[in-house]
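First the structure, in the form of structure tokens, and then the observations on it.
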């Protein structure tokens, strides 16, 4: 089955952890993930400036490793990210900000990427919504 | 055929960017001509209250975006009757035209009718 996964909760929320575990299980079960889309506070899961205490799960790092290892399409909503100060090099330069906190494998893009994934997938699975 | 999406909007308009960001998903889908429905549930109904004064909160008014829904081709607009009753909201005083007021059983059928659902 082809899954699209949307994540709306911040990096340390239990629902963000469940999203990663679901994504891992989906691939382990032989399914396909057409795209991960991070929206609202979900953009913090792609924030590489988050420092997690050593005895806690470093979810942003685990997401990064997971997406890189499986060469997944990981998209962070650009409008939601800008609003929350989660910028890649291009946006940091555009808005003259000093902090760059998103890099590959993540791509900043628009909501069209969510709709595109919804059309492409058999199922949209959402985590961390209201 | 394009897959249909139902967005269930549950957040009040001034509790943060949530309601606006939920609406942005709907407007973006409308701009792509996708079949989209929007259901206002729970505190989401407050987005449709008349006489809001966003300026008093130093916020940007959400109602202009809501009024733009038909222009974006989003015409399947629903409100939950129970949510309205719980909050003492008269559904005929809500600010969007052509809202369909649905009871719990209708909402279950509505969710069933759409291919995908996002609740925000």
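The values are calculated or read from the model by the stated rules, or taken from the named source; none is laboratory data. Here the structure is a predicted model, which means the values were calculated and not measured. Ideal geometry is used to build each Cβ from the backbone, glycine not excepted, and the neighbour counts take in all protein chains shown.
The table for this structure:
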item	result
Qualifying positions in the range A:105-116 - within 14 Å of chain B (Cβ to nearest Cβ) and either touching a residue at least 60 places away in the same chain (Cβ under 8 Å) or under 14 Å from residue A:4 (Cα atoms) (or both)	A:111, A:112, A:113, A:114, A:115, A:116
Residue satisfying condition, being out of contact with any helix residue (DSSP H, G or I) (no Cβ under 6 Å at 6 or more places or on another chain) and over 21 Å from residue A:100 (Cβ atoms), within set A:89, A:46, A:6	A:6
Looking only at the range B:3-54, and only at residues there that are touching a residue at least 60 places away in the same chain (Cβ under 8 Å) and assigned to a strand (DSSP E or B), the one that is nearest to residue B:90 (Cα to Cα)	B:39
The range B:105-118, subset touching a residue at least 40 places away in the same chain (Cβ under 8 Å) and under 14 Å from residue B:79 (Cα atoms), residue surrounded by the fewest Cβ atoms within 10 Å (Cβ to Cβ)	B:111
Members of the range A:57-70 found to be assigned to a loop (DSSP other than H, G, I, E, B), in contact (Cβ under 8 Å) with a residue 12 or more places away in the chain and either over 11 Å from residue A:24 (Cα atoms) or touching a strand residue (DSSP E or B) at 6+ places or on another chain (Cβ under 6 Å) (or both), listed by number	A:57
The range A:19-40 - residue that is within 13 Å of the chain's Cα centre (by Cα) and under 19 Å from residue A:58 (Cα atoms) and, of those, nearest to the other protein chains (Cβ to nearest Cβ)	A:38
Residue check for residue B:73: within 14 Å of another protein chain (Cβ to nearest Cβ), over 27 Å from residue A:127 (Cβ atoms) and either in contact (Cβ under 8 Å) with a residue 40 or more places away in the chain or touching a helix residue (DSSP H, G or I) at 6+ places or on another chain (Cβ under 6 Å) (or both)	yes
Residue among B:28, B:56, B:109, B:90 that alone is more than 14 Å from chain A (Cβ to nearest Cβ) and modelled with pLDDT of 95 or more	B:109
Residue satisfying all of: in the range A:117-127; crowded, with 20+ Cβ neighbours inside 10 Å and more than 7 Å from chain B (Cβ to nearest Cβ); nearest to residue A:89 (Cα to Cα) among these	A:117
Number of positions in the range B:67-103 that are in contact with a strand residue (DSSP E or B) (Cβ under 8 Å, 6 or more places away or on another chain), under 15 Å from residue B:47 (Cβ atoms) and assigned to a loop (DSSP other than H, G, I, E, B)	4
Looking only at the range A:74-104, and only at residues there that are under 12 Å from the mean Cα position of the chain (by Cα), crowded, with 18+ Cβ neighbours inside 10 Å and assigned to a loop (DSSP other than H, G, I, E, B), the one that is farthest from the other protein chains (Cβ to nearest Cβ)	A:102
Breaking point among (1) within 14 Å of another protein chain (Cβ to nearest Cβ); (2) crowded, with 19+ Cβ neighbours inside 10 Å, for residue B:66	(1)
